[in-house]
Amino acid sequence: MRKRVVLTGILAFIATIAGPAVSPASAQNRLGGHMGFVLPLVSRANGTTTTIADDFVIGFPVGITVRKSDKFAFDLELVPNIQNNPLNVTLTVHPGVVAGLGNGWGAGARIAFDVNQPSWGFTPILNHGLTTVGKDATLFGELVLPIRFQSRGPGNTTTTIGLGIHLGIGF
């Protein structure tokens, strides 16, 4: 026990002396975010196609973005979704990466985890900055292609593929 206390003290002393030698975090990493709404336009599962007219659903994505450079970002998005009939509210945790393609275009992919649901999947995305708002914000449009796998019991998994539009403001 005494050896552990002495060793911890020595390591703490070395860390205190060496601390100022450690380089500070780089200003290259930028923190940003976005918020908006997403409308699933059409989806297909089990041979059935459903449109926004058949089942209205709207989501309200809110994201935190860490940009490593102008070409690459990690984005953590939380998406509460509201379905009208039957009334249902769900939450999707949606981490992903986005690569800048130039001229205001970006492409990426997200992993999707539907909270308290037996489903998961991924979402390829393609976005474009539409116009700047003020000094640090951009209105954007994004096409999303959600692909979800939902377990309905042992050996019974449904795959759903959709197409939606996400409009929002990034800052």
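What the table shows:
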{"quantity": "Contact order normalised by residue count of the range 22-171, Cα under 8 Å, 6+ apart, percent", "calculated": "22"}
{"quantity": "Residue list for the range 142-162, given a label point 7 angstrom along the Cα-to-Cβ vector of Ala45 and an amide N cut-off under 14 Å", "calculated": "146-153, 156-162"}
{"quantity": "Radius 13 Å from Cβ of His166, net charge of other residues (Lys, Arg +1; Asp, Glu -1)", "calculated": "-2"}
{"quantity": "Accessible carbon and sulfur surface of the range 22-171 relative to its total accessible area, %, 1.4 Å", "calculated": "66"}
{"quantity": "Sparsely packed trypsin sites (Lys or Arg not before Pro) within the range 85-158, loop by DSSP, other Cβ within 10 Å at most 16", "calculated": "Lys135, Arg152"}
{"quantity": "Summed residue charge, Cβ within 15 Å of Met35's Cβ, Lys/Arg positive, Asp/Glu negative", "calculated": "-4"}
{"quantity": "Heavy-atom surface of the range 38-99, accessible at 1.4 Å and reported per residue (Å²)", "calculated": "59"}
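The values are calculated or read from the model by the stated rules, or taken from the named source; none is laboratory data. Quantities reported herein were computed from a predicted structural model and do not represent experimental measurements. Positions of Cβ are generated from backbone atoms using ideal geometry, with glycine treated the same way; all protein chains shown enter the neighbour counts. Remember, those area values only see protein heavy atoms, side chains included, never the ligands or the DNA or RNA. Shrake-Rupley method; radii C 1.70, N 1.55, O 1.52, S 1.80 Å.
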